[in-house]
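Below: the structure, in structure tokens.
The values are calculated or read from the model by the stated rules, or taken from the named source; none is laboratory data. Bear in mind that the values here come from a model prediction, so they are computed numbers and not experimental data. Cβ placement follows ideal geometry from the backbone for every residue including glycine, while neighbour counts extend to all protein chains displayed.
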Amino acid sequence: MNVQGKCELLNRLENCLRPQKADYGETIVKTIANQLVKIYGNSFSEKNLRRMIQFAQNFPDKNIVVSLIRQLSWTHIITLIPITDYVKRDFYIEMCKLEKWSTRILRDRINSMLYERTVISKKPEATIKHDLEEIKNDQKLSPDFVFHDPYFLDFLGLSDKYSEKDLESAILRELQKFIIEFGTDFAFLARQKRITIDNEDYYIDLLFFHRKLKCLVAIDLKLGKFKAEHKGQMELYLSWLEKYDKAGEGKHCYFHLRWQRINYPWTHCEQDTKCPTSPAHTFCEGTMKKSLQQLKHSIER
């Protein structure tokens, strides 16, 4: 039986169960599951059947189902089923299709509350829907889907005392994990890229290219408090890149990663960018769960 046939079966089953009492529905599902297992095998176990019913409830449109199963596996779909917020679910579906996430990466993205950390999640629902449609129909990605707050860099393994150079070295040492956290379309270009302005040399800490946005992304690493001259410095770098190192069609982006040790065993960074994003924080070493709990609590309030 193909997926479309399964959906039709489950829709009929859901219609039969809807007017019945809960305990009656439990018995019906169990009975039907036992019958289906005998005919089609263990893929129609009671547990799987309940997942399928939930899938049919969440995706009643057959055209959407046909499109979905062409690009995502059943394990992807099982991971998405518990998400009741349909806008959030659509975000993960479109980003999963666009960046070709594995099931493991999809689970990690959901568990780390990626949607809640993106800039787009702070926008009005109509704006989110519009931008999701642009991704779905035209593969057009907004910077609001790329940059998020906070970033979780717990894999860097930094000690209590470190310098900007240590931070930079740790990022490059764990470059693959860093790119996975920032987004799979980031491509590393240079470390300490030298640029010359008025016969004076300056250095950009890290330089990336974003394939979907088609723009350069310059990252400036700072320890301690953010100062006004830091922003002016990066705007100077950005102007140089726009004039002498234009790559792609998009407007180049920059952001500061500002790290400052505070009273908790985590570090935070501030992001400042020409792209429409908000200040960001970066959490390290063993604080990811605590940070997620705080983020979830702030959202629920």
- Message: Checking residue 176 against (1) on the phi > 0 side of the Ramachandran plot; (2) assigned by TED's automatic domain parsing to the domain that holds residue 217; (3) polar (S, T, N, Q), only one condition comes out false. Which one?
- Response: (1)
- Note on the structure: The residue that is nearest to residue 99 (Cα to Cα), considering only those in region 161-189 that are of a type in the set (A, V, I, L, M) and surrounded by 15 or more Cβ atoms within 10 Å (Cβ to Cβ), is 180
- Query: Under the condition of being among the small types (Gly, Ala, Ser) and under 15 Å from residue 93 (Cα atoms), which residue from region 23-79 is surrounded by the fewest Cβ atoms within 10 Å (Cβ to Cβ)?
  - Reply: 73
- Give 89, 70, 104, 117 a once-over and let me know the one that is at negative phi, basic (Lys, Arg) and under 11 Å from the mean Cα position of the chain (by Cα). 117
- Task: Residue by residue through region 85-104, note down the ones that are aliphatic (A, V, I, L, M) and surrounded by 15 or more Cβ atoms within 10 Å (Cβ to Cβ).
- Result: 93, 95, 98
